[in-house]
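Let me begin by presenting the structure, written as structure tokens, before commenting on it.
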Amino acid sequence: MDFLIGGLAGVGAGFFSNPFDVVKTRMQLQGELQAKGQHAVYYKNIPHAIYTIVKHDGISALQKGLAPALWFQLVVNGVRLGIYQQADNYGLLRDEKNNTKFVNSVFFGSVSGMCGGFMGSPLQLVKTQLMSHSAKQIAVGTQHAHPGMMNALSKTYRKNGLVGLWRGAHGMMLRNSTGSASQIVSYAMCKEWMDNNNMFQQSKYLPAFLASNIGAIVKTITLTPMDVIMTRLYNQGVDAQGRGLLYSGLADCAMKITKTEGVLAFYKGIGPSYFRQAPHSVLLLVFWDMLKDLQKSYQPLSV
């Protein structure tokens, strides 16, 4: 049940944050392996990017990749929040005063995120490729032109097998490990601090709301560099053997970005990334708390 609750919380959050994910993906691919000033800028900022996408691709394009995005949320957050909750249930995350153990929380947040990232990697792969596809006038990155999620999955499998579906998974695992640990630990400790100091107790879920906003800020800062690398690895074209045409792996991608675009390129799309992470973290973690409370209040009928 802990795994289902985590997954459902992720699905609820994913629907509302998906448009910012589309914008983030486009901005992270803009100017790929080109020096600043040497490429067209189709997406100047968040409002301009939304306007440009709607103008050329239609308003429905803001929900591109929604199907794999929601399945991704179900799988990834089901696994990571489920594992984290199980660790809590077994008493591995708290001391004798019921306070969160920082090191333990970081460890299980990282491991659970890594496991979730591996399981959800094929969905993130096709989600990225669907989100990047656009009208020719505003196209950035490699254009894959998949008509939908199932077509993208089957085409990738036919071309490169199971290995092709998990291409770039190592980047996703590292990204999710970092993001999960930073988000869940900052959320748990901030919420706990407010509860222990009797702050913002007007509503049961107000501390969760405020703590999840802090979690979103911490996660965005720590996650974005790996998110840029992951987006590039997933969206690049591949040869007949499934090898990337632009990057051979994490280190190669990081080196080429630094050399051609500069260090600041690792924070491309940080604006829409935050505006995606903020509502997503709030909805995800508040939904998670609410669903856990609902589970606790449910009393099965005795037979």
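Strictly over 28 Å apart at the Cα level, which of K64/K292; K44/K64; K55/K219 would you flag in this model?
Result: K64/K292; K55/K219 exceed 28 Å.
What is the angle, in °, between the Cα long axis of helix 2-29 and the longest principal axis of the Cα atoms in the chain? Nearest 10 is fine, range 0 to 90.
That works out to roughly 30 degrees.
Solvent-accessible area per residue for segment 94-147 at a 1.4 Å probe radius, Å²?
Each residue of segment 94-147 exposes 46 Å² on average to a 1.4 Å probe.
Could you give the distance between the Cα centres of segment 136-182 and segment 46-92, to the whole Å?
Between the Cα centre of segment 136-182 and that of segment 46-92, the gap is 14 Å.
Provide the solvent-accessible area of T178, counting protein heavy atoms only and rolling a 1.4 Å probe, rounded to the nearest 10 Å².
Probe radius 1.4 Å; accessible area of T178 about 50 Å².
Can you tell me the relative contact order of segment 1-299? Whole percent, Cα pairs under 8 Å, sequence separation 6 or more.
26 percent
Under the rule of at least 5 residues apart or a separate chain, name every residue whose amide H is placed under 5 Å from the amide H of K101.
Result for K101 returns R94, D95.
Less than 19 Å from a label point 7 Å out along the Cα-to-Cβ axis of A251: which backbone N atoms in segment 157-180 qualify, by residue?
Counting only backbone N, you get 168-175.
Which ³J(HN,Hα) values in Hz, rounded to whole numbers, follow from the phi angles of segment 279-286 under the Karplus curve 6.51 cos²θ - 1.76 cosθ + 1.60, where θ = phi - 60° and Gly and Pro get x?
Listing the rounded values in order: x, 5, 5, 4, 5, 4, 6, 6 Hz.
Under the rule of at least 5 residues apart or a separate chain, name every residue whose amide H is placed under 5 Å from the amide H of E32.
Under 5 Å from the amide H of E32: G141.
Give the calculated FRET efficiency between N45 and Q86 to the nearest 0.05, with a Förster radius of 41 Å applied to their Cβ-Cβ distance. Walk me through the intermediate numbers first.
Values: r = 42 Å, r/R0 = 1.01.
Efficiency, from the Cβ-Cβ distance: 0.50.
C115 accessible area, nearest 10 Å², 1.4 Å probe?
50 Å²
Under a 10 Å cutoff between Cα atoms, tell me which one of D21, D227, D57 has the largest fluctuation in the Gaussian network model of the chain.
Among D21, D227, D57, the largest GNM mean-square fluctuation belongs to D57.
Which sequence of F266, F16, F209, F287 reflects their accessible areas, 1.4 Å probe, from the largest down?
Working: F266 25, F16 125, F209 95, F287 65 Å².
Result of the area sort, largest leading: F16, F209, F287, F266.
Rg (Å, one decimal) plus Dmax (Å, integer) for the alpha carbons of segment 134-197?
Computed over the Cα atoms of segment 134-197, radius of gyration and Dmax are 19.4, 57 Å.
Report the convex hull volume per residue for the chain, counting only C-alpha atoms, in Å³. Please list the in-between numbers first.
Numbers: hull volume 47.0 nm³, N = 303.
Each residue corresponds to 155 Å³ of Cα convex hull volume.
Sorted by accessible area (1.4 Å probe), largest first, how do M150, M189, M119 line up?
Accessible-area ranking of M150, M189, M119, largest first: M150, M119, M189.
Determine the gain in length on full extension of the stretch A35-F15; use 0.36 nm per residue of separation and subtract their C-alpha separation, reporting nm with one decimal.
This chain segment gains 3.8 nm when fully extended.
Which of A139, A181, A278 moves the most in a Gaussian network model of the chain with Cα springs under 10 Å?
So, out of A139, A181, A278, the one fluctuating most is A139.
Leaving out ligands, DNA and RNA, what percent of the accessible area of segment 1-152 is carbon and sulfur, probe 1.4 Å?
65 percent
How much accessible area does R175 have with a 1.4 Å probe, in Å² rounded to the nearest 10?
20 Å²
Report the residue, chosen from K204, K292, K219, that carries the largest GNM mean-square fluctuation when the chain is represented by alpha-carbon nodes joined by springs under 10 Å.
Highest fluctuation among the options: K204.
The values are calculated or read from the model by the stated rules, or taken from the named source; none is laboratory data. These figures come from a predicted structure and were not determined experimentally. Neighbour counts run over all protein chains shown; Cβ positions are idealised from the backbone, glycine included. In case anyone asks, the SASA skips ligands and DNA or RNA and just uses the protein heavy atoms, side chains included. Shrake-Rupley method; radii C 1.70, N 1.55, O 1.52, S 1.80 Å.
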